[in-house]
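S.K.: First the structure, then my questions, so here it is.
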Amino acid sequence: MDTYKLLITGGQPLKGDVEVSGGKNTSVAVIPAALICDEPCVIENMPDIEDVHVLRDILELLGARVSYDDALKRITIDPRGVNDCTVPYRQTRRMRASYYLLGALLARFGEANVGYPGGCAIGNRPFDQHIKGFRALGAEVTESNGMICAKGTMTGAAVYFDRPTVGGTINVMLAAVKAKGNTVLLNAAKEPHVVDLANFLNAMGGRIKGAGTDTIRIRGVESLHGGTYTVIPDQIETGTLMIAAAATRGDVTIHGCIPTHMESLTAKLLEMGVSVTDADDAIRVRPIGAHRAVNIKTQEYPGFPTDLQQPMSALLCMAQGNSLIYETIFESRFKHLSEMRRMGAHVQIMEQTALIEGVPELHGAPVTVTDLRAGAALVVAGLMATGTTEIYEPGLIERGYEHLEEKLRKLGAKIRREPV
Ligand code: EPU
């Protein structure tokens with residue numbers, strides 16, 4: 001239970017410039033990857049978020065020396081002292097990406113014992129494809145007492161994923177980077193953070209080609225050296241800020257982002273009647289006319305990201321007309337809409353489809369955050385609503401957004417904390 005709640009008084013158009021932080025889902029892959037290197041790594045643009053700090057604790061527990069400079073947003077990881085390949089559940093339960101320790105420790109020691117991962121409650125989140133990949137590379141994998149134990153000499157192989165999986169692609173790539181021989185990942189995920197991890201591993205001496213396409217080829221190398229790497233900006237934070245700007249009919253320029261990563265969202269905002277323009281590494285969002293309802297189907301990259309479905313569907317609650325949202329990735333990602341009914345949203349939820357009937361006004365109400373992106377969605381809802389929205393359990397937002405309240409406040413949002 002969080003000791004504070006967020007209070008948002010809506011109706012203020014956000015205005016000004018904001019800088020996007022480094023990517024959460026790329027950082028949580030690159031930090032475990034540093035364990036595979038023989039020398040220290042310096043990773044820049046590392047966001048100051050809970051997930052990064054949880055991983056830092058885990059790496060230290062394993063024997064790595066880690067320091068985080070929050071002014072420079074830089075983490076330094078010296079993995080030379082790591083002498084343990086067991087990570088207990090009390091550590092792994094704190095985040096989903098803790099399962100990347102399996103791939104990383106397998107690559108380093110040929111053995112990994114890792115507790116079941118935690119993470120957001122957005123439905124059943126199996127990791128059978130990760131295990132299938134490890135087995136294909138020669139690991140014997142067993143599961144008992146809440147631990148996943150994998151052991152074996154990694155040997156290159158072909159791995160076909162039954163469906164594109166970000167986590168599976170990243171985990172098997174980690175395990176395969178130092179395998180004997182060649183690995184091919186087929187039907188691989190194409191998300192920007194998959195590409196970023198491949199770029200990190202290649203910068204440290206890996207030989208990975210094809211990341212960003214559905215076929216990734218990995219030629220196993222003897223060792224990885226250390227070095228300095230800068231992670232890409234956060235695609236989902238960029239999108240959340242774009243949606244928040246549209247929701248308040250504000251005029252916001254988001255700097256330090258990669259506009260090509262945002263194309264599916266940009267297309268939908270344009271379809272709604274929002275002005276979105278980009279130049280180099282900045283995106284500007286401004287209002288044109290009334291917001292029109294649009295339909296959204298979440299898909300793997302470059303489709304519309306499930307992580308932006310939640311803030312986007314909050315925005316659609318006040319668009320003119322009916323929007324249909326079809327969530328194809330996770331089965332339980334509409335909890336924010338149920339909360340928003342208390343704010344006056346008209347929503348019908350049928351399994352993985354939500355029908356949103358836009359209303360002219362939402363009003364402030366007490367709501368509870370159930371998962372990270374639901375938190376972002378409720379913040380968007382609070383910014384649009386008249387009156388004050390009280391958001392309980394907002395700590396989940398800190399898992400993945402760096403200083404979101406501060407950034408919104410600088411853009412003119414009336415947002416503050418109050419103890420509970
Ligand atoms: N799936 C399987 N078997 C597997 C792995 C996945 O059936 O072994 C299914 C999942 O149940 C899901 C689909 O495949 O239906 C895609 O899952 P994926 O593996 O791509 O998701 P993930 O790796 O668990 C990452 C992000 C999520 C993001 C998804 C989709 C990280 C740490 N997490 O999760 O991010 O929603 O990809 O893009 O990178 C978030 O940031 O809030 C978040 C939940």
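S.K.: Answer yes or no as to whether ILE131 is without any contact (Cβ under 8 Å) to a residue 40 or more places away in the chain and either among the acidic types (Asp, Glu) or within 13 Å of the ligand (Cβ to nearest atom) (or both).
M.R.: Yes.
S.K.: Of all residues in region 231-263, which are under 30 Å from GLY206 (Cα atoms), touching a strand residue (DSSP E or B) at 6+ places or on another chain (Cβ under 6 Å) and either surrounded by 24 or more Cβ atoms within 10 Å (Cβ to Cβ) or not assigned by TED's automatic domain parsing to the domain that holds GLU361 (or both)?
M.R.: Residues satisfying the conditions are VAL231, THR238, CYS257.
S.K.: Does ILE325 fit the bill of being of a type in the set (Val, Ile, Thr) and without any contact (Cβ under 8 Å) to a residue 60 or more places away in the chain? Reasoning before the result, please.
M.R.: Working: of a type in the set (Val, Ile, Thr): yes; without any contact (Cβ under 8 Å) to a residue 60 or more places away in the chain: yes.
Yes, satisfied.
S.K.: What is the residue count in region 134-149 for residues that are in a strand (DSSP E or B), within 13 Å of the ligand (Cβ to nearest atom) and either outside the structural domain of LEU201 (by TED's automatic domain parsing) or modelled with pLDDT of 95 or more (or both)?
M.R.: Residues that pass the stated criteria total 1.
S.K.: Would you list the strands (runs of 3 or more DSSP E) that sit entirely within region 1-116 and hold 3 or more residues that are hydrophobic (A, V, I, L, M, F, W, C), out of contact with any Cys (no Cβ under 9 Å at 6 or more places or on another chain) and open to solvent by 30 Å² or more (accessible area, probe 1.4 Å)? Outline the logic, then answer.
M.R.: On the way: elements: 4-9, 15-19, 41-44, 65-69, 74-78, 111-115.
Where strands (runs of 3 or more DSSP E) fall fully within region 1-116, none carries at least 3 residues being hydrophobic (A, V, I, L, M, F, W, C), out of contact with any Cys (no Cβ under 9 Å at 6 or more places or on another chain) and open to solvent by 30 Å² or more (accessible area, probe 1.4 Å).
S.K.: Follow-up. Name every residue in region 292-345 that is open to solvent by less than 40 Å² (accessible area, probe 1.4 Å), closer than 14 Å to MET384 by Cβ and part of a loop (DSSP other than H, G, I, E, B), in order of residue number.
M.R.: CYS317, ALA319, GLY344, ALA345
S.K.: Report yes if some residue within region 153-166 is assigned to a strand (DSSP E or B), within 16 Å of the ligand (Cβ to nearest atom) and either open to solvent by less than 20 Å² (accessible area, probe 1.4 Å) or not small (Gly, Ala, Ser) (or both); otherwise report no.
M.R.: Yes, region 153-166 contains a residue that is assigned to a strand (DSSP E or B), within 16 Å of the ligand (Cβ to nearest atom) and either open to solvent by less than 20 Å² (accessible area, probe 1.4 Å) or not small (Gly, Ala, Ser) (or both).
S.K.: Still on this structure, please answer the following. Among strands (runs of 3 or more DSSP E) lying entirely in region 360-420, which contain 3 or more residues that are open to solvent by 30 Å² or more (accessible area, probe 1.4 Å) and not hydroxyl-bearing (Ser, Thr, Tyr)?
M.R.: Working: elements: 366-368, 388-392, 414-419.
Of the strands (runs of 3 or more DSSP E) lying wholly inside region 360-420, those with at least 3 residues that are open to solvent by 30 Å² or more (accessible area, probe 1.4 Å) and not hydroxyl-bearing (Ser, Thr, Tyr) span 414-419.
S.K.: Filter region 168-187 for residues that are part of a helix (DSSP H, G or I) and under 21 Å from CYS37 (Cβ atoms); which is farthest from the ligand (Cβ to nearest atom)? First the steps, then the outcome.
M.R.: The first filter runs over region 168-187 and keeps only residues part of a helix (DSSP H, G or I), leaving 168-176.
Now narrow it down to the ones that are under 21 Å from CYS37 (Cβ atoms): 169-176.
Numbers: THR169: 8, ILE170: 7, ASN171: 8, VAL172: 10, MET173: 12, LEU174: 13, ALA175: 14, ALA176: 16 Å.
Filtering first and then ranking leaves ALA176.
The values are calculated or read from the model by the stated rules, or taken from the named source; none is laboratory data. Every value quoted in this text rests on a predicted model; they were computed, and no experiment measured them. Heads up, the Cβs are rebuilt from the backbone with ideal geometry, glycines too, and the neighbour counts pull from every protein chain shown. Side chains included, ligands, DNA and RNA excluded: accessible areas come from the protein's heavy atoms. Shrake-Rupley method; radii C 1.70, N 1.55, O 1.52, S 1.80 Å.
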